[in-house]
Amino acid sequence: MNPSDPTLTPRPSPTPARRGIGRTTAIGARTLTAGTATSPTTSPTTNPATATEATATPPRAPAGARPAAPAADTPATAADERPLYQQLADRLAQLMDSGALAAGTRLPSVREAAAEQLVSVSTVLQAYRLLEDQARIEVRPRSGYFVRRTPDRQPARDGAVNADGSPPAPGGARRSGRRTALAEPAPSHPPVDAQDVGISALTEQVMRAAADPAVISFGAACPEPELFDQERLRRALSQATLRHRGSLQLYPPPLGHEGLRQAIARRSLSMGCTLRPQDIVLTSSCTASVALCLQTVTRPGDTVALESPTCFSFLQMLEALHLKALEIPTHPRHGLSVDALALALRTQPVRAVLAVPTLQNPLGASMPLVERQRLAELLAEHQVPLIEDVIFNALAEHEEHRRTVKSFDREGLVMLCGGFSKTLAPGLRVGWLEAGRHTEALRRRQAAMIGGHTGVVEAAMADLLEQPGMQAQLRRLRNTHAPRIAEGRTLIAELFPAGTRVTDPAGGIMLWVELPPRFDTLALFHAALAEGICIAPGAMFSASTRYRHCLRLSVSAPWTPARRAALARLGELIAAQQDN
């Protein structure tokens, strides 16, 4: 392995188990031996204070039972400071990787595993949920937990790399754990000066094409309708209309539906925040929340710092509000460069920062926790507000990526913006924000320019958030997206030219593809659209021309034969550019 290769993450050496985990026991008719755990599932940069588990004394074995013996090669007293659920999840994952726990194998029930491992039921439940989030296992109603089947890996093509950075053997399959080993795009190097924005015409053309039912679309980062329980949504809206039918003849309360604000405040705990319902502002979407925040803290001609590449809707807002975009270098895995932002804050008249720290659009990058904390401290030092978009947070595979920069904010400078279009109900247009020290100014602007709320829709959303299956729904979404991302990467490796680089996001529904610099994805967009295929060309995601050789592909839809054929045709159109 080449330690200088930034696309590779070496796995730590196996660590011994501790307490009830340090022994040999039977799991699913296989032998599970302590001391063979793989690397922790949390990021090396995780704040230990946010990734700990209560260390309650494990339950005693039944009377008369013989105590389990430690593994021969691992002392039972060896210290492993990781939470017990991570140790258990890692060992199970290793058995899956080795084939000892094959796809389709039923795992012990939560209570059976707790008794075998001498740990609490909650520890086993956390371990199983972690494996669910990683798409390693699945729960089947009234049947239990089973090892999940993963898509087969395909043979490599020219331009692929092995995990150590070397070319693959002829005819060999490229693997890196469960993921196809493709080189990731290089960190971005945007212009050093703020730019005027002018991308709306292209964006409108792409979005119109993406919405055309006759087109096979990879263009819009929208979840597939089949991922949502349509009957559940219809029932919630019908019940809200029936219960609140009197409200249709009245103006809604100024702050919006109280139950929805309370539900959002409770859900903020999963993002590391403690929000008060009275501080939450309801809007028509996450995009509307971001726009309202920008209008509150900037004036025409101001400079806004944001990631590069960035979400095209952000650029549309800057263009409409006559704001300048200062693009900040961004890593395809770790997100916004805090060091580069620090330099920009010292040298440029930045009035606000706009960022998506979790599953950034279009890269799918997620900032490590330590960088989120550094970002909050940097903003406090310069007294510059951050508009933090958390629309994708619930789709992150790793729990630490769901914690917000807002959770580190001590001065009310972070304006948190969220919505439900990616996770719950795209058609129920509801968003929210918490604006910190800018809350009152923002409320006045909203009242003056936007007006009231849609009470029945907000009541339906409150009902959906409070239903007991919400967390299970989020796990299902994550578990559905993960193999589609993996298969998309495999297909791109087969079908696109040598030198293609692709992101490997830990969650979400999109891939950022970087072709060699000689290719033009704007020309590719027009050629593909003529054949009924829509992509999002890289020019949409920057105020500069830096990404004309890049494209974003949405992979939320299942890989049907028609979508596979469309991606293959894209590969042919790219190859035709090379021939010309």
task: State all residues of region 299-317 that are open to solvent by less than 10 Å² (accessible area, probe 1.4 Å) and part of a loop (DSSP other than H, G, I, E, B); if no residue qualifies, say none.
output: PRO309, THR310
message: Cβ-Cβ distance below 8 Å, separation of 6 or more or different chains: which pairs start in region 325-338 with a residue that is closer than 16 Å to VAL192 by Cα and hydroxyl-bearing (Ser, Thr, Tyr) and end on one that is open to solvent by less than 10 Å² (accessible area, probe 1.4 Å) and part of a strand (DSSP E or B)?
response: THR330/GLU307; THR330/SER308; THR330/LEU336; SER337/ILE328; SER337/THR330
- prompt: From the set of residues in region 528-554 that are in a helix (DSSP H, G or I) and under 21 Å from the mean Cα position of the chain (by Cα), which is surrounded by the fewest Cβ atoms within 10 Å (Cβ to Cβ)?
  reply: GLY538
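Kindly provide the set of residues from region 206-237 that are out of contact with any Leu (no Cβ under 8 Å at 6 or more places or on another chain), assigned to a helix (DSSP H, G or I) and open to solvent by less than 60 Å² (accessible area, probe 1.4 Å), ordered by number.
Our first condition is that a residue be out of contact with any Leu (no Cβ under 8 Å at 6 or more places or on another chain); within region 206-237, this holds for 206-208, 210-214, 216-217, 219-222, 224-226, 229-231, 234-235.
If we keep only those that are assigned to a helix (DSSP H, G or I) as well, we get 206-208, 210, 225-226, 230-231, 234-235.
The answer is VAL206, MET207, ALA210.
Every residue in region 199-221 that is hydrophobic (A, V, I, L, M, F, W, C) and touching a helix residue (DSSP H, G or I) at 6+ places or on another chain (Cβ under 8 Å), please. Spell out the reasoning first.
Step one: list which residues in region 199-221 are hydrophobic (A, V, I, L, M, F, W, C), which gives 199, 201-202, 206-207, 209-211, 214-216, 218, 220-221.
Those that are hydrophobic (A, V, I, L, M, F, W, C) and touching a helix residue (DSSP H, G or I) at 6+ places or on another chain (Cβ under 8 Å): ILE199, LEU202, VAL206, ALA209, VAL215, ILE216, PHE218, ALA220.
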query: Considering region 178-202 alone, what residues qualify as being under 23 Å from the mean Cα position of the chain (by Cα) and either without any contact (Cβ under 8 Å) to a residue 60 or more places away in the chain or surrounded by 15 or more Cβ atoms within 10 Å (Cβ to Cβ) (or both)?
result: ARG178, ARG179, THR180, ALA181, LEU182, ALA183, GLU184, PRO185, PRO187, SER188
statement: Residue count, region 361-402, condition touching a residue at least 40 places away in the same chain (Cβ under 8 Å) and under 16 Å from the mean Cα position of the chain (by Cα), comes to 22
- prompt: Only one of (1) out of contact with any Ser or Thr (no Cβ under 8 Å at 6 or more places or on another chain); (2) in a loop (DSSP other than H, G, I, E, B); (3) of a type outside the set (Asp, Glu); (4) crowded, with 22+ Cβ neighbours inside 10 Å is not met by PRO505, so which one is it?
  reply: (1)
field: One residue from GLY335, GLY272 being in contact with a Ser or Thr (Cβ under 9 Å, 6 or more places away or on another chain), among the small types (Gly, Ala, Ser), open to solvent by less than 10 Å² (accessible area, probe 1.4 Å) and within 17 Å of VAL414 (Cβ to Cβ)
entry: GLY335
field: Conditions (1) open to solvent by 10 Å² or more (accessible area, probe 1.4 Å); (2) more than 30 Å from ARG140 (Cα to Cα): number failed by VAL513
entry: (1)
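I want to confirm something. Restricting to region 491-502 and keeping residues that are on the phi < 0 side of the Ramachandran plot and assigned to a loop (DSSP other than H, G, I, E, B), which single residue is most open to solvent (accessible area, probe 1.4 Å)? It would help to see each step written out before you state the result.
Within region 491-502, the first condition is being on the phi < 0 side of the Ramachandran plot, and the residues that meet it are 491-498, 500-502.
Keeping just the survivors that are assigned to a loop (DSSP other than H, G, I, E, B) gives 496-498, 500.
Numbers: PHE496: 4, PRO497: 20, ALA498: 53, THR500: 13 Å².
Only one residue tops the list, namely ALA498.
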statement: Residue pairs within 8 Å by beta carbon, gap of at least six or interchain, first lying in region 119-130 and free of Cβ contacts under 8 Å to residues at least 12 places away in the same chain, second open to solvent by 20 Å² or more (accessible area, probe 1.4 Å), listed first then second, are VAL121/VAL110; VAL121/ARG111
- prompt: Could you count how many residues in region 135-155 are part of a strand (DSSP E or B) and either in contact with a Phe, Trp or Tyr (Cβ under 8 Å, 6 or more places away or on another chain) or at pLDDT below 85 (or both)?
  reply: 6
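The values are calculated or read from the model by the stated rules, or taken from the named source; none is laboratory data. What you see is a predicted model, and the numbers here were worked out from it, not measured in a lab. Glycine gets a Cβ as well: all are built from the backbone with ideal geometry, and neighbour counts include every protein chain shown. Side chains are part of the model used for accessible areas, which takes the heavy atoms of the whole protein and leaves out ligands, DNA and RNA. Shrake-Rupley method; radii C 1.70, N 1.55, O 1.52, S 1.80 Å.
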